[in-house]
1. Taking R0 as 22 Å, what FRET efficiency do you get between Asp60 and Ile142 from their Cβ-Cβ distance, rounded to the nearest 0.05?
2. Do you know the relative contact order of segment 25-84, to the nearest whole percent, from alpha carbon pairs under 8 angstrom that are 6+ apart?
3. Remind me, relative contact order of segment 48-139 in percent, using alpha carbon pairs under 8 angstrom and six or more residues apart?
4. Starting from the Cα-Cα distance between Lys34 and Ile53, subtract it from 0.36 nm times their residue separation and give me the gain in nm to one decimal.
Amino acid sequence: MKKLYRILPMLLVAVLSIALWSCSDDDEPVPVTKLPSSAQTFLNTYFDNVDIISVTKDKDDYEVLLSNGYSVEFNTSGEWTDVDAPVGKTVPAGFYPAAIDTYISSAYSGSGINEISRIDRGYEVELLNGTDLYFSADGTYIGIDRD
């Protein structure tokens with residue numbers, strides 16, 4: 001029995017170590033040239049003349065940090081999945097449906113998009129004032145996050 005009490009803590013430490021190791025951050029730095037061509041085109045179109053600080057890749061996506069404080073995430077196919085502007089700044093227009101801008105300018109005059117994410121069948125948008133809105137794939141307003 002005493003032997004079991006000696007082995008049990010070591011076994012527990014080993015199991016916890018394996019569990020923590022398997023949950024570790026798998027982000028791997030990669031050169032810009034390893035981004036899919038559609039991601040490179042997106043960056044050249046919407047963030048031309050902005051230096052890329054870093055590109056990291058994990059199993060599901062790429063994250064690009066830019067010198068102007070913006071960050072852009074792409075899936076492994078190179079399609080953008082999230083564009084996040086620094087506090088007080090807006091994301092550039094043109095890569096999401098224009099109907100989103102039309103709705104925001106009429107319903108939230110003076111506000112802009114601070115972050116936009118692709119979600120199942122549409123978009124989640126965070127405005128400069130922190131309000132979260134949801135839109136369909138064609139840019140039709142769906143609702144507001146009440147949380």
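Throughout, read-outs are computed from the coordinates displayed, never taken from laboratory work. Computed from a predicted model, the values in this text were never measured in an experiment. Note that we place each Cβ from the backbone using ideal geometry, even for glycine, and neighbour counts take in every protein chain shown.
1. Working: r = 25 Å, r/R0 = 1.13.
It comes to 0.30.
2. It rounds to 31 percent for segment 25-84.
3. The normalised contact order for segment 48-139 reaches 18 percent.
4. 5.4 nm
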